[in-house]
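Remarks on the structure that follows.
The values are calculated or read from the model by the stated rules, or taken from the named source; none is laboratory data. Please read these numbers as outputs of a predicted model, since none were measured by experiment. For neighbour counting, all protein chains shown are included, and Cβ atoms are generated from backbone atoms with ideal geometry for every residue, glycine included.
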Amino acid sequence: MMPDALDSLREVNGKLRNSVLGLRPERKHIWAIGPDDFLNVRRLMLRARECLRLLRAMNEESGDVRKELLEYQHNLAKLKQLLPDLHARLLTEKLRLHAVRTQAAAASHWAQAARSIP
């Protein structure tokens, strides 16, 4: 079972590394990041947790396991660094969208009022 858990952790690390790269500010506009991006990262972390549980249960301490554990920790550290900036960018985008909706509503009210003037 250990090779399966190790192979799975390797796959998770590759996908998590790509997900973190895709969330970086210079890689994507904030509007291109969707809920599925965050759900994918969460699924990967849950899958990694299961792999880690299996590897610990087998008391596996090979060099390959240590290498994958270090890479997983590195991926989590990158994600931890990235999230505050991403959160700030998402809040900024939320405020921008709110302002656009407010302007659109005001323009709509103005247009309706202008039509009702004889």
- Of all residues in the stretch 57-96 being closer than 18 Å to Arg17 by Cβ, without any contact (Cβ under 8 Å) to a residue 12 or more places away in the chain and among the polar types (S, T, N, Q), which is surrounded by the fewest Cβ atoms within 10 Å (Cβ to Cβ)? Gln73
- Query: Which residue, of Arg56, Arg49, Arg115, Arg89, is closer than 30 Å to Ser8 by Cα and modelled with pLDDT under 90?
  - Reply: Arg56
- Scanning the stretch 10-39 residue by residue, those assigned to a helix (DSSP H, G or I) and in contact (Cβ under 8 Å) with a residue 24 or more places away in the chain turn out to be Arg10, Val12, Asn13, Lys15, Leu16, Arg17, Ser19, Val20, Leu23, Ile30, Trp31
- Task: Could you list all residues from the stretch 73-106 that are hydrophobic (A, V, I, L, M, F, W, C) and over 17 Å from Asp37 (Cβ atoms)?
- Result: Ala77, Leu95, Leu97, Ala99, Val100, Ala104, Ala105, Ala106
- Item | Matching residues in the stretch 102-118 - criterion: being surrounded by 10 or more Cβ atoms within 10 Å (Cβ to Cβ) and not aliphatic (A, V, I, L, M) | Thr102, Gln103, Ser108, His109, Trp110
- In the stretch 20-56, what residues are surrounded by fewer than 13 Cβ atoms within 10 Å (Cβ to Cβ) and of a type in the set (Gly, Ala, Ser)? Ala32, Gly34
